[in-house]
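Read-outs throughout are calculated quantities, based only on the coordinates presented, and are distinct from any laboratory measurement. Since this is a predicted model, take the numbers as computed values, not measurements. Here the Cβ is made from the backbone with ideal geometry for all residues, glycine too, and neighbour counts use every protein chain on show.
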Amino acid sequence: MELKSKFITYHELADALGCSYQQVAQVHAKRIIKAFNIDKKRLPKAGTLPLNLVEQYFDLSVNIHTNEKTI
């Protein structure tokens, strides 16, 4: 159960955002992975993201700097 609280699936994220699974998979997940340099091979399974990084990504008070721009 520890893994369940540390990771969020794309389906759960889509439900929380009120958007489609495809939008999460094609847009948000790619941006989160790129912004935080997440190694997809180290995730417990495909279609999951670290919950703490997802929360930081959607927190408007946190500036995320990438090589290209601020998100």
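Shape class of the stretch 1-54 from the Cα gyration tensor (axes a ≥ b ≥ c, square roots of the eigenvalues): oblate, since a/c reaches 1.5 or more and a/b does not exceed b/c. Taken along the Cα-to-beta-carbon direction at a fixed 7 Å, the label points for D39 and Y57 span 1.9 nm. How much FRET efficiency would the formula 1/(1 + (r/R0)^6) give for A46 and Q26, where r is the Cβ-Cβ distance and R0 is 25 Å, rounded to 0.05? Plugging the Cβ-Cβ distance into 1/(1 + (r/R0)^6) gives 0.95.
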